[in-house]
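Q: Would you mind keeping the following structure in view while I ask a few things?
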Amino acid sequence: MQEYRLEEYPGLNLYIALNKIREEQDSSLQFDFVCRAGICGSCAMVINGRPGLACKTLVSTLSRTITLTPLPVFKLVGDLSVDTGTWFREMAERAGSWVHTDKEFDPEAEEERMSNEKAIEIFELERCIECGCCIASCGTANMREDFMGAAGLNRIARFMIDPRDQRDGADFFEVVGSDDGAFGCMGLMACDDLCPKDLPLQAQLSRVRRAMAKAAFAPKKKVAF
Amino acid sequence: MIEQWKLLKNPRLAARFDLIGMVTGLMLVFFMFGHAMMLATIVFGIETMDGLSMWLEDLYLAQAGAVAIVFVVLIHFVTAGRKLPLRVNEQRMIWRLTRKLSHLDTWLWLVQAVTGMMILLFVAVHLYFVLTTFPIEAVKSSTRVASNFGYFYAPMIIVIWLHLGIGLYRIFVKWTPFNRKILKVFKWLLILGFIADSLLVLKTFWAIGLQYVN
């Protein structure tokens with residue numbers, strides 16, 4: 001653990017503080033950032049034991065001594081920098097994170113309409129910035145590397161409510177109807193409490209769980225080989 | 001290429017285990033509500049409690065209930081306990097996370113896991129003494145409590161209601177979209193209310209038992 005001392009001033013956030021340390025004290029310090037505005041999710045790290053975004057955290061809200069560590073679960077690049085990209089890409093592939101449809105795409109046709117309420121509901125879940133705070137604070141994800149976590153289940157919920165996605169309960173069950181998916185969640189809800197974007201994660205986790213329990217008792221599909 | 005272990009895997013097993021864990025948990029919650037209410041009849045006097053226990057025994061409900069509850073507890077332990085960190089590495093991970101995160105619900109999950117283990121021991125001892133001294137009678141129970149067994153039942157009461165309250169809260173959190181702030185209030189009301197009620201009942205047993213022990 002390395003120690004740095006920095007003078008605090010009003011409005012100083014962790015992102016600025018880390019940049020000052022890198023510019024003035026240690027040019028080798030590694031941490032990620034892009035947007036500086038809580039949009040990209042790159043600067044997620046563990047701040048005094050709790051995952052959060054450096055750019056959204058004012059130093060004045062923390063103790064005099066601040067402990068920063070990299071997010072657990074993800075591969076460590078160095079210092080505070082972790083590789084969330086590989087994890088999220090694998091998760092997106094497992095979740096089939098795109099609209100599944102057998103309709104042929106016609107670039108000339110007008111986009112299919114959906115109700116405003118439905119569009120808002122989908123957009124609400126699309127606000128996930130993939131910072132990884134929910135994964136880093138999840139008991140199951142910390143113990144079991146195959147668990148999709150709240151980010152993965154939120155992604156599934158997003159496609160479940162999308163009327164353009166033709167997958168049914170049995171299709172989604174193939175993806176998340178296991179202990180690595182919906183039934184792996186132990187209901188600790190740190191993800192819901194610590195999400196920097198205040199996504200309604202508890203509602204999505206329970207939505208997917210209920211749908212998967214229903215799918216588990218639906219008649220089995222006949223599959224011909 | 002196909003990963004062969006996946007061919008042996010029953011994809012519906014996790015869902016079934018999860019549901020069985022929840023249903024058996026709910027069954028035990030309702031059993032405990034009933035158990036607490038029946039024990040509370042001691043407040044109305046020895047005759048009231050003995051009348052109720054005689055009625056239960058005449059219908060063989062007490063005997064059948066005891067056997068059924070043992071089975072439900074064991075099924076609940078196997079299905080709900082399958083997510084417990086059994087490997088040392090997992091235990092270290094969850095302990096480290098819980099300690100650093102300062103997140104009450106994560107701490108309470110740990111409390112639930114530990115109290116679950118403790119309940120197995122408490123229930124085994126409790127059932128041994130109840131079943132080997134059948135039928136259930138108010139004076140018998142009171143003298144057992146007063147002959148220092150109250151020191152066994154007091155922590156048992158706290159452990160059981162903590163486990164039950166946290167478990168019921170987490171069933172609602174996992175399966176429903178209800179507001180967690182409201183659920184948390186209900187959780188603490190239930191835990192503290194039933195601990196207070198059960199300790200009061202224990203005190204009544206103790207007071208009656210002391211008359212007979214001495």
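The values are calculated or read from the model by the stated rules, or taken from the named source; none is laboratory data. These figures come from a predicted structure and were not determined experimentally. Note that each Cβ is placed from the backbone with ideal geometry, even for glycine, and that neighbours are counted across all protein chains shown. Surface accessibility is based on the protein's heavy atoms, side chains included, excluding ligands, DNA and RNA. Shrake-Rupley method; radii C 1.70, N 1.55, O 1.52, S 1.80 Å.
Q: At B:F134 and A:C35, where each label point lies 7 Å from the Cα along Cα→Cβ, what is the point-to-point distance in nanometres?
A: 6.6 nm
Q: What does the average come to when, for each residue of peptide B:88-95, you count the partner chain Cβ atoms lying within 10 Å of its Cβ?
A: Rounded to a whole number, the mean comes out at 3.
Q: Enter the buried accessible area of the A/B pair, total of both sides, probe 1.4 Å, in Å² rounded to the nearest 100.
A: On the way: alone 13690 and 13860 Å², together 24530 Å².
Between A and B, the summed buried area is about 3000 Å².
Q: If you roll a 1.4 Å probe over the heavy atoms of the protein chains, what accessible area per residue do you get for the range A:83-216, in Å²?
A: It amounts to 46 Å² per residue over the range A:83-216.
Q: Here's something else I'd like to know. Quick check: the distance between the Cα centres of the range A:73-109 and the range B:131-151, to the nearest angstrom?
A: 62 Å
Q: Another question, if that's okay. When Cβ neighbours within 10 Å are restricted to other protein chains, what is their mean count per residue of peptide B:170-177?
A: Mean shielding by partner chains, rounded to a whole number: 6.
Q: Hey, what's the Cα Rg ratio for chain A versus the globular rule of thumb, 2.2 N^0.38 Å?
A: Output field value: 1.17.
Q: Could you give each residue of the range B:92-108 its phi-based ³J(HN,Hα) in whole Hz, using Karplus coefficients 6.51, -1.76, 1.60 with θ = phi - 60°, and x for Gly or Pro?
A: 5, 4, 5, 5, 5, 5, 4, 5, 7, 6, 6, 10, 4, 5, 5, 4, 5
Q: In the full protein assembly as shown, how much of B:K203 is accessible to a 1.4 Å probe, in Å² to the nearest 10?
A: Taking all protein chains as shown, B:K203 has close to 140 Å².
Q: What fraction, in whole percent, of alpha-carbon pairs in the range B:12-213 exceed 20 Å separation?
A: Taking all Cα-Cα pairs of the range B:12-213, the fraction more than 20 Å apart is 61 percent.
Q: Take the solvent-accessible surface of the protein heavy atoms, probe 1.4 Å, and return the percent of it on the range B:148-214 that carbon and sulfur atoms account for.
A: Exposed carbon and sulfur together represent 74 percent of the surface.
Q: How much accessible area does B:F178 have with a 1.4 Å probe, in Å² rounded to the nearest 10?
A: 110 Å²
Q: Now, a different point. Which loop GluC sites (Glu not before Pro) in the range A:50-121, with loop taken from DSSP, have no more than 14 other Cβ atoms within 10 angstrom of their Cβ?
A: Details: sites: A:E90, A:E93, A:E104, A:E108, A:E110, A:E111, A:E112, A:E117, A:E121; in loops: A:E104, A:E108, A:E110, A:E111, A:E112.
Passing both the DSSP loop test and the Cβ count: A:E104, A:E108, A:E110, A:E111, A:E112.
Q: Calculate for chain A the 222 nm mean residue ellipticity that helices alone would give, adding -39,500 (n - 2.57) per DSSP H run of length 4 or more and normalising by residue count, nearest 500 deg cm²/dmol.
A: Theoretical 222 nm ellipticity from helices: -10500 deg cm²/dmol.
Q: Taking 30 Å as the cut-off for C-alpha to C-alpha distance, list the pairs among A:K103/A:K197; B:K100/B:K184; B:K83/B:K140 that go past it.
A: Going by Cα-Cα distance, A:K103/A:K197; B:K83/B:K140 fall outside the 30 Å limit.
Q: Something else about it: So for the protein assembly as shown, Kirkwood radius off the Cα pairs, Stokes-Einstein at 10 °C and 1.306 mPa s: how many µm² s⁻¹?
A: 63 µm²/s
Q: Could you order the peptides A:174-181, A:150-157, B:189-196, B:53-60 from most to least packed, using the average number of other C-beta atoms within 10 Å per residue?
A: So the peptides A:174-181, A:150-157, B:189-196, B:53-60, ranked by packing, come out A:150-157, A:174-181, B:189-196, B:53-60.
Q: Shape of the range A:76-196 from its Cα gyration tensor (a ≥ b ≥ c, root eigenvalues): rounded if a/c is under 1.5, otherwise prolate when a/b > b/c, or oblate?
A: prolate
Q: Also, quick follow-up: Assuming a ≥ b ≥ c are the square roots of the Cα gyration tensor eigenvalues, decide whether the range A:14-82 counts as rounded (a/c under 1.5), prolate (otherwise, with a/b larger than b/c) or oblate.
A: rounded
Q: Points 7 angstrom from Cα along the Cβ direction at B:R87 and A:E7: gap in nanometres?
A: 5.1 nm
Q: Sticking with this structure for a sec: If I compute solvent accessible area with a 1.4 Å probe over the protein chains, what percent of it on chain A is carbon and sulfur?
A: Reported share for carbon and sulfur atoms: 50 percent.
Q: Helix-only estimate, please: 222 nm mean residue ellipticity of chain B, summing -39500 (n - 2.57) across DSSP H runs of length 4 or more and dividing by its residues, to the nearest 500. Each step should come with its number before you reach the end.
A: Numbers: 9 runs with 174 residues, N = 214.
Rounded to the nearest 500, it is -28000 deg cm²/dmol.
Q: Follow-up question, since we're still on this one. With a probe of 1.4 Å, find how much accessible area chain B has per residue, and write the answer as a whole number in Å². Before the final figure, lay out the partial values.
A: Numbers: 12350 Å² over 214 residues.
Ligands and nucleic acids excluded, the figure is 58 Å² per residue.
Q: Additional query: Assigning unit charges at the beta carbon (Lys, Arg +1; Asp, Glu -1) and nothing else, what dipole magnitude in debye, to the nearest 20, does the protein assembly as shown show about its Cα centre?
A: Dipole of the protein assembly as shown, to the nearest 20 debye: 940 debye.
Q: Here is a follow-up. Hey, got the average number of other protein chain Cβ atoms within 10 angstrom for residues in A:44-57? Working shown, then result.
A: On the way: counts 0, 0, 3, 0, 2, 7, 4, 1, 0, 0, 0, 0, 0, 0.
The shielding value for this peptide is 1.
Q: Could you give the nm distance between label points at B:E57 and B:V213, where each point is 7 Å from its Cα heading toward the beta carbon?
A: 2.3 nm
Q: Still on this model: Do any cysteines of chain A lack a neighbour Cys whose Cβ is under 4.7 Å away, and which are they?
A: Cysteines of chain A left without a disulfide-compatible partner: A:C43, A:C55, A:C128, A:C131, A:C133, A:C138, A:C185, A:C195.
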